[in-house]
Amino acid sequence: MQFSIIPKEFLYRITLGKIRKHSEDFISENDLVKLVVLCNLAILSFFVSMLLCYFLIRLNLIFMLIVSIAISLSLFFVFSDYVRSNIIKKHRLFDEVAFLIINSLAINMKSTRSLPHSIELLLKKGTTDNFYKKYFEDMIFNLNIGVDENQIIAENSRMFQNKKHKYAFQNLKNSDSFIETDPDFLIGLKREIKLIEDNMVIFVAISCLLPLALSLVLSLIVSPTSPTLLLFPLLYAVFGTVTLRLIQNKSMGGKNV
Amino acid sequence: MYKLSFSNHILLREIAQQMEKGENLERAMFFIEDFPRELLLRIQLGEEITDIFSSLKLDYPEINNLFVSASQADTQEMIERFKSTAELIKMREDALEERNDLLKVHIRRMQIIRYVTLITIAMIAGFSPLFSNFYSLISTGDFSFSFSFTMWSFLSFSFLVINCLNNYYLLKMSNEKRIIFKVVIVLILHIAIVLVVQEFFSSLIRF
């Protein structure tokens, strides 16, 4: 187990946020460890930067605190957001092939008439994605220890975010689980384009011009040897990450509809 | 890994068509044009069809899963299902292509914005010694003509961080791959531009 300075539950809530529910199965143990390490590193960097500020730059106490908090927070936010967006990417890649997985399961069900066997066949060859491999392996394990099949199917359909895929998976034991059309996918694509179009202008206006203009002004009114200048890029790091995260959350919200 | 010269849905549809004519899965592969000859040889040697598919580089590797239980299933139904899956993949590919065309414009725009801001911020960072003199002009009232050219002032460091972050966000916005690699390139470019600008600036002042 990894040692975490702040409570893990709280840490996961602030770093993963909405995706904790949305992409539950795609958060690997490794990701969680990374988050804990990042959090510990951020706290460590807080103290290191305090020491540096005190002994090297001789700042006053309040300023020293503000600079160190900004350094550790921005470090933590930017890198944890990187982990977070990797999880989202994994989920998106799975979503793109979900229809093929369900269709192969449907074919396997047709030919074997048994759920464990058809999942085993699915796993036997050509699984390139370790995530759904592990996920289905867990399913087989549960089936083998004798959990009710219907219950397993109902519980595990959470992996598919697309409603059509979810229903298809829930109806795996009936013969109508085969996916022939996929209108949600097309709608999702259109939404993605619109989201990028809408947000690009806002993001470019805010993110590119603001740091440039402000850092120019700041450099004129603040002494070049003062560490106040450092505050600005760090705040920009937090601000930009939060903006991007909001955009991501928005696009995730759209997917569920 | 072998790569097919045609797209995945065509492969699936061809297999379905051959199976409809009464061939089995293995024999169907022999009737597909441009199917890699080495793989056909391996089928002749008796290798399983799923192994053959795993050594093909497919856009949708999960297609392989469709064939796992093919030998046990009712052929007619299988053919129907292969066909409709092929149709689905085709629709998706068309939609994705359409999206990529639309996005290409945005991504190119984003790329231009990225490079322009990269160069602008780096150039401003290169001229940063000037700002400190302006600052002293504002605070003390006289402009000194001695400049300190250094990469390690707070100001140039903050410009460096802003440049990297800005590029990182723009890369993330346009969903690009290998983000870290590109950010490292930005870092190197930034330092190079700053050095060039400072060199130019210092030589300008000497005369």
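The values are calculated or read from the model by the stated rules, or taken from the named source; none is laboratory data. Bear in mind the structure is a predicted one, so any value in this text is a computation, not a measurement. Every residue, glycine as well, gets a Cβ built from its backbone with ideal geometry; the counts of neighbours run over all protein chains shown. Just so you know, the surface numbers come from the protein's heavy atoms only, side chains and all, with ligands and any DNA or RNA stripped out. Shrake-Rupley method; radii C 1.70, N 1.55, O 1.52, S 1.80 Å.
Only residues that are polar (S, T, N, Q), facing another protein chain (nearest Cβ under 10 Å) and open to solvent by 20 Å² or more (accessible area, probe 1.4 Å) were counted across region B:118-142, and they come to 4. Considering every residue within region A:231-250, establish whether at least one is of a type in the set (A, V, I, L, M, F, W, C), out of contact with any Pro (no Cβ under 9 Å at 6 or more places or on another chain) and at the interface with another protein chain (Cβ under 7 Å from one of its Cβ atoms). So far as region A:231-250 goes, yes, one or more of its residues are of a type in the set (A, V, I, L, M, F, W, C), out of contact with any Pro (no Cβ under 9 Å at 6 or more places or on another chain) and at the interface with another protein chain (Cβ under 7 Å from one of its Cβ atoms). Within region A:161-188, restricting attention to residues that are among the aliphatic types (A, V, I, L, M) and more than 15 Å from B:K90 (Cα to Cα), the residue that is most open to solvent (accessible area, probe 1.4 Å) is A:I187.
Each row is one residue, and each column tells you yes or no for (1) hydrophobic (A, V, I, L, M, F, W, C); (2) within 27 Å of the chain's Cα centre (by Cα); (3) modelled with pLDDT under 85.
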residue	(1), (2), (3)
A:F47	yes, no, no
A:L52	yes, no, yes
A:S72	no, yes, no
A:R92	no, yes, yes
A:D95	no, yes, yes
A:A98	yes, yes, yes
A:S104	no, no, yes
A:K110	no, no, yes
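For region A:87-126, a residue qualifies if it is charged (D, E, K, R), in contact (Cβ under 8 Å) with a residue 40 or more places away in the chain and facing chain B (nearest Cβ under 8 Å), and exactly one does: A:K110.
Scanning region A:22-44 for residues that are more than 16 Å from A:L11 (Cβ to Cβ) and either charged (D, E, K, R) or modelled with pLDDT of 90 or more (or both) turns up A:E24, A:D25. Could you tell me whether any residue of region B:189-203 is in contact with a Cys (Cβ under 9 Å, 6 or more places away or on another chain) and at negative phi? Yes, there is a match, as at least one residue in region B:189-203 is in contact with a Cys (Cβ under 9 Å, 6 or more places away or on another chain) and at negative phi. Filtering region B:188-207 to residues that are surrounded by fewer than 14 Cβ atoms within 10 Å (Cβ to Cβ) and not acidic (D, E) leaves B:I188, B:A192, B:V196, B:F200, B:S202, B:S203, B:L204, B:I205, B:R206, B:F207.
Which residues, taken from region B:161-175, are more than 7 Å from chain A (Cβ to nearest Cβ) and open to solvent by 30 Å² or more (accessible area, probe 1.4 Å)?
From region B:161-175, those more than 7 Å from chain A (Cβ to nearest Cβ) are B:163-164, B:167-168, B:170-171, B:174-175; that's our starting set.
Selection gives B:N175 alone.
Scanning for something in a helix (DSSP H, G or I), within 8 Å of chain A (Cβ to nearest Cβ) and not charged (D, E, K, R), does region B:183-198 turn up at least one residue? Checked against the condition, which is being in a helix (DSSP H, G or I), within 8 Å of chain A (Cβ to nearest Cβ) and not charged (D, E, K, R), region B:183-198 yields no hits at all.
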